[in-house]
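See below for the structure under consideration.
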Amino acid sequence: MRWNVFVVDDHPIFRHGIVQLINTEPDFFVCGEASSAPQALSALRTVDADAAVLDVSLQGTNGIELLKQIRAEHPDLPVLMLSMHDEKHYALRALRAGAAGYIMKREDGDTFLSALRRVVAGETVVSPTFGQELIYRVVSSETSQSDSPINVLTDREVEVLQLIGEGRSSREIAVNLNLSVKTVESHRLHMKEKLRLKNAAELVRFATDWVAQQSESDGEASESENAASAAL
């Protein structure tokens with residue numbers, strides 16, 4: 001049996017590579033591809049896809065927002081998210097939006113194909129490291145996660161906030177996310193309003209502190225995981 005896979009990525013060279021990789025496998029066939037959210041939604045209405053591979057960072061509509069739209073029209077379609085962003089920042093959002101899996105673009109081809117097969121088989125796929133971290137977060141910090149001010153931001157705004165916290169300029173963020181500088185500045189303005197920050201300096205401090213807190217939380221999760229392993 002061959003599974004029909006639909007691929008969405010706005011980087012032509014990378015998308016072409018993914019399509020070629022999938023088509024080399026006897027049990028997979030790429031039934032369509034798209035570079036944007038409108039193209040993807042339109043094409044998915046005309047093809048018989050068994051699964052979709054979707055980039056988190058798309059020009060225009062954020063990949064997770066597109067995922068929500070896909071789930072609304074195709075609730076049973078398994079979607080594997082591909083991302084250049086670390087799992088700890090976006091995987092949970094993707095899973096909550098209906099993704100069946102989340103994998104980093106830096107992974108090798110065998111890891112990607114294994115994840116795709118597991119998604120088609122009805123499994124949920126994340127890395128073993130993030131799986132442990134997810135358990136830690138649910139058990140120890142569910143309340144703090146639900147009360148986080150970050151929850152008022154859109155998925156695209158969280159992407160921009162992450163890069164601001166890493167010290168990136170608006171121009172660098174624009175290049176990284178395939179957006180215009182004007183769009184990035186618009187996201188900055190909306191984030192200041194939603195987070196009730198007075199100026200750009202406060203936004204930068206907030207973003208920097210948030211990124212630091214995420215790193216600290218990751219460290220605590222690793223310590224907890226190591227302690228559990230030692231106990232066994």
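So if I check each of Ala34, Ala43, which one is at pLDDT 95 or above and within 23 Å of Ser180 (Cβ to Cβ)?
None of the others qualify; the one that does is Ala34.
Of the residues in segment 89-100, how many are over 13 Å from Leu66 (Cα atoms) and buried (at least 23 other Cβ atoms within 10 Å of the Cβ)?
Total meeting the criteria: 3.
So is Leu92 closer than 23 Å to Val160 by Cα, of a type outside the set (D, E, K, R) and touching a Ser or Thr at 6+ places or on another chain (Cβ under 7 Å) or not?
no
Taking helices (runs of 4 or more DSSP H) that fall entirely within segment 1-110, which contain at least 3 residues that are under 26 Å from Glu157 (Cβ atoms)?
Ranges flagged: 37-44, 63-73, 87-97.
Looking only at segment 170-210, count every residue that is within 22 Å of Gly60 (Cα to Cα), in contact with a helix residue (DSSP H, G or I) (Cβ under 9 Å, 6 or more places away or on another chain) and of a type outside the set (Val, Ile, Thr) and tell me the total.
Residues in segment 170-210 being within 22 Å of Gly60 (Cα to Cα), in contact with a helix residue (DSSP H, G or I) (Cβ under 9 Å, 6 or more places away or on another chain) and of a type outside the set (Val, Ile, Thr): 16 in total.
Would it be correct to say that Asp50 is modelled with pLDDT under 95, touching a strand residue (DSSP E or B) at 6+ places or on another chain (Cβ under 6 Å) and closer than 16 Å to Ala115 by Cα?
No, not satisfied.
The values are calculated or read from the model by the stated rules, or taken from the named source; none is laboratory data. Keep in mind that this is a model prediction, so the values were computed, not measured. Note that each Cβ is placed from the backbone with ideal geometry, even for glycine, and that neighbours are counted across all protein chains shown.
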